[in-house]
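Any read-out appearing in this document is the output of simple, stated calculations on the displayed coordinates, not a laboratory observation. Just so it is clear, the structure is predicted and the values come from calculations on it, not from any experiment. Every residue, glycine as well, gets a Cβ built from its backbone with ideal geometry; the counts of neighbours run over all protein chains shown.
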Amino acid sequence: MVRAFFTVLFLVLSAGRLAGSPDTLCVLDPAQMPASWLPSEDVKKGLNPAPWSKSEAKDAKYAIKTGLDEMISYFQQKPSAIKNIGADSIEALLQVTYSSANEPEFDTKVRDAARDILTTLIKPYLKLSPASVKCSDFERVLPLAIFAHRLYPANDTRTEIVTKRTNAAYRSCDSLEDAMGNDFEKILANKQARPKVLLELYIWALWFIEAELFPDIELPAETQEFAPRLWKYFQNYQLAEPDEFKDDHFDEGFIAIADLAPHIAHIVTGTHRFPLYVEDYPGLYHWHRENFYSVLEVGELDLFASVVDTLRQYGCTAENDIQVRDGSRFLLKIFHKGKDRWMAYRQEGETDANIDDYGLIHYPWTSVLGVRVRKLEQPRPGTIGGIVRRWLPPPP
């Protein structure tokens, strides 16, 4: 079975190269894809076989700009959303600049808006003395310290203060488990832990990797060991297929896996700043390819956008890959159906009355990532990519 899978993988690699993409596993011709990667006949009827056009590329840029403006305006008009969402309100903006192929003015606008949000979130902690910081503050101040290092000028006193608060918060904890607020050893001992629980560990892995770049954030050595352990866990995790669930790809169990799978890729790519290689985790690539059209058919905007986002991290684009092309068109169709507003989207059961701030922001946040063009960063020493390449196979 394993040998058969890698045979298919080799054939797909050859197909990608024949399709004009020598450095990636990207496939433009459906005849060169395994049958299991292709859409059902019903889904196929709604797909456009034409090449990706210049007008569509221009439309995607417009949709990205609109999504960014939606998020910035929402935070400006509803400041309470910043507190409700926390550090993710910064990340929601910044991710569109990772592996940036944007105009410099665009990235400057994003960073300025993110810095304003950081200043709002960090303000309460600037008034606290280190002695008054508690262990329960650690999960809130650690990402703020990381963002302060990234967004404030060198030697900014706010960075120094929030870093000291972060260090004090950790020192007040009895253990790493206490700091993280979970029993991660017990979770990792379960070979098939629930996706929701694993997503909590995934967030900590991202923070611990990035904190390693800033020596003044004083964390124990075991935090540097956490992400490699979690990655090894995921490499042995069974990413379930739709036929393993009662309601196939519409089953909540499969949807939970479909939410987890794209997030796994964030660990080794620095939330999609650095390239993703099939050799990093062959099963992850296989799962995205096999289930691409199943997730499309589920129809949840942010869920599907994340799957498209992952394929782009392998170097695939709407020009050189049929799935990325189909995915980009599907996302743009939803955007225009909402009268050119990502935040107009509602999945089944959602209304204006019951959707929360995070839910609203998550639609433009993930969607702009699904359609954005990128220029992948290189995993050099002193970067997140450089850190993860210490415990991953070297790039092919």
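Using the Cβ of A169 as centre and a radius below 10 Å, the other residues enclosed give a net charge of +3, where K and R count +1 and D and E count -1. Taken about its Cα centre, region 180-256 carries a charge dipole of roughly 220 debye when the Cβ of each Lys and Arg holds +1 and the Cβ of each Asp and Glu holds -1. For the chain, a crude dipole built from +1 on the beta carbon of Lys and Arg and -1 on the beta carbon of Asp and Glu, taken about the Cα centre, is about 1020 debye to the nearest 20.
Ordering 257-263, 352-358, 108-114 by mean Cβ neighbour count within 10 Å, with the highest value first, yields 257-263, 108-114, 352-358. For every other residue with a beta carbon closer than 11 angstrom to the beta carbon of Q378, add +1 if it is Lys or Arg and -1 if Asp or Glu, then tell me the sum. Taking every other residue near Q378 into account, the sum is +3. For region 284-296, 3J(HN,Hα) computed residue by residue from phi via the Karplus equation (6.51, -1.76, 1.60; θ = phi - 60°) reads 5, 4, 4, 4, 4, 5, 5, 10, 4, 6, 5, 5, 4 Hz, glycine and proline entered as x. Magnitude of the charge dipole for region 231-306, about its Cα centre and with charges confined to Cβ atoms of Lys, Arg (+1) and Asp, Glu (-1), is about 500 debye. Counting only residues at least eight positions apart within a chain, or on another chain, the lysines with an alpha carbon under 28 Å from that of K191 are K232, K246. Selection among Y277, H249, A261 by position relative to the dipole of region 211-290 gives Y277 as farthest towards the positive end (Cβ unit charges, Cα centre). Applying a threshold of 19 Å to the alpha-carbon distances of K58/K339; K78/K333; K44/K375; K54/K337; K83/K127; K78/K127 flags K78/K333; K44/K375; K54/K337; K78/K127 as lying beyond it. The string of couplings for region 222-231 from the Karplus curve (6.51, -1.76, 1.60, θ = phi - 60°) is 5, 5, 6, 8, 5, 4, x, 5, 5, 4 Hz, one whole number per residue in order, with x for Gly and Pro. Does the chain come out rounded, prolate or oblate by the C-alpha gyration tensor, with a ≥ b ≥ c the root eigenvalues, rounded set by a/c under 1.5 and, if not, prolate when a/b is larger than b/c and oblate if not? Verdict is prolate for the chain. Comparing S36, S306, S100 in a Gaussian network model of the chain, where Cα atoms under 10 Å apart are tied by springs, the biggest mean-square fluctuation is seen for S36.
Among 145-156, 165-176, 339-350, sorting by the average number of other beta carbon atoms lying within 10 angstrom of each residue, highest first, gives 165-176, 145-156, 339-350. Taking a sphere under 10 Å around the Cβ of H362 and counting the other residues whose Cβ falls inside, with K and R at +1 and D and E at -1, yields a net charge of -4. Ranking S132, G86, T120 by Cα position along the charge dipole of the chain, where only Lys, Arg, Asp and Glu carry charges on their C-beta atoms, puts T120 farthest toward the positive end. Quick check: the angle from helix 138-151's long axis to the longest principal axis of the chain, C-alpha only, nearest 10 degrees? Once rounded, the angle reads 80 degrees.
Using a Gaussian network model of the chain whose springs link C-alpha atoms within less than 10 Å, name the residue from G270, G370, G386 with the highest mean-square fluctuation. Taking springs between Cα atoms under 10 Å, the residue moving most is G386. For the chain, a Gaussian network of Cα nodes joined below 10 Å ranks T310, T383, T269 by mean-square fluctuation, and the top entry is T383.
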